[in-house]
1. Considering only residues that are aromatic (Phe, Trp, Tyr) and modelled with pLDDT under 95, which ones fall in segment 69-97?
2. Could you tell me which residue of segment 1-26 is farthest from the chain's Cα centre (by Cα), considering only residues that are surrounded by 14 or more Cβ atoms within 10 Å (Cβ to Cβ) and not in a strand (DSSP E or B)?
3. List the number of the failed condition for Val62; all other conditions in (1) surrounded by 12 or more Cβ atoms within 10 Å (Cβ to Cβ); (2) at pLDDT 70 or above; (3) within 30 Å of Lys123 (Cβ to Cβ) hold.
4. Looking at the structure I just gave you, is Asn56 of a type in the set (S, T, N, Q), surrounded by 12 or more Cβ atoms within 10 Å (Cβ to Cβ) and at pLDDT 90 or above?
5. What residue, of Val50, Val29, is exposed (fewer than 13 other Cβ atoms within 10 Å of the Cβ), modelled with pLDDT of 75 or more, over 18 Å from Val10 (Cβ atoms) and among the aliphatic types (A, V, I, L, M)?
6. Can you find, within segment 32-47, the residue that is surrounded by the most Cβ atoms within 10 Å (Cβ to Cβ) among those that are part of a loop (DSSP other than H, G, I, E, B) and not polar (S, T, N, Q)?
Amino acid sequence: MFPKIDQVFVKTNMADLTKTWTIMNNEGVHHTIVFNKNLDHPVIVSGWKVLESYYNLPPDMVVAFAYYGNDNFSISSIKELNAFEELPKFHNRFLKREGIIFCDVDLTPQNVDHTKLVELFKKKLR
């Protein structure tokens with residue numbers, strides 16, 4: 001899984017962005033991450049694990065970066081997420097809460113067709 005980047009940020013700044021970004025902190029530590037430079041599905045493709053490890057980031061979180069130009073960033077905030085509803089709108093797992101019911105169903109070759117999945121879902125709701 002690759003960390004997602006806000007499409008609005010990418011579209012707004014695409015002309016100035018290269019693939020390699022520098023993340024710096026006030027202690028002079030710098031990390032390099034690589035962005036795929038894709039407008040439709042912008043993600044970080046390299047360097048995230050090192051950054052995640054250095055800052056001991058939680059597994060589900062939103063990291064906001066401040067952009068200073070010339071591919072230079074710093075971390076402005078880290079927010080741990082506790083529910084799908086807290087995901088930012090640009091994230092591919094973002095779901096609006098209104099009228100949505102979450103249910104985990106194990107997929108098997110026997111239940112993969114639509115009718116059987118609906119039956120399993122209804123059982124989970126009971």
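The values are calculated or read from the model by the stated rules, or taken from the named source; none is laboratory data. Being a predicted model, the structure only gives us computed values, none of them experimental. Here the Cβ positions follow ideal geometry from the backbone for every residue, glycine too, while neighbour counts run over all protein chains shown.
1. Residues of segment 69-97 aromatic (Phe, Trp, Tyr): 73, 84, 90, 94.
If the condition is that a residue be aromatic (Phe, Trp, Tyr) and modelled with pLDDT under 95, then Phe84, Phe90, Phe94 are the ones that fit.
2. Filtering segment 1-26 for residues surrounded by 14 or more Cβ atoms within 10 Å (Cβ to Cβ) gives 3-7, 9-10, 17, 21-24.
The next check asks that each one be not in a strand (DSSP E or B); those that pass are 3, 5-7, 9-10, 17.
Details: Pro3: 4, Ile5: 7, Asp6: 9, Gln7: 11, Phe9: 14, Val10: 14, Leu17: 19 Å.
For segment 1-26, the residue satisfying everything is Leu17.
3. Only one criterion in (1) surrounded by 12 or more Cβ atoms within 10 Å (Cβ to Cβ); (2) at pLDDT 70 or above; (3) within 30 Å of Lys123 (Cβ to Cβ) is unmet by Val62, namely (3).
4. Details: of a type in the set (S, T, N, Q): yes; surrounded by 12 or more Cβ atoms within 10 Å (Cβ to Cβ): no; at pLDDT 90 or above: yes.
No, not satisfied.
5. Numbers: Val50 fails: exposed (fewer than 13 other Cβ atoms within 10 Å of the Cβ).
So the residue among Val50, Val29 that is exposed (fewer than 13 other Cβ atoms within 10 Å of the Cβ), modelled with pLDDT of 75 or more, over 18 Å from Val10 (Cβ atoms) and among the aliphatic types (A, V, I, L, M) is Val29.
6. So in segment 32-47, the residues part of a loop (DSSP other than H, G, I, E, B) come out as 36-42, 47.
After this cut, where a residue has to be not polar (S, T, N, Q) as well, the list is 37, 39-42, 47.
Numbers: Lys37: 12, Leu39: 10, Asp40: 6, His41: 12, Pro42: 22, Gly47: 18.
Within segment 32-47, the match that is surrounded by the most Cβ atoms within 10 Å (Cβ to Cβ) is Pro42.
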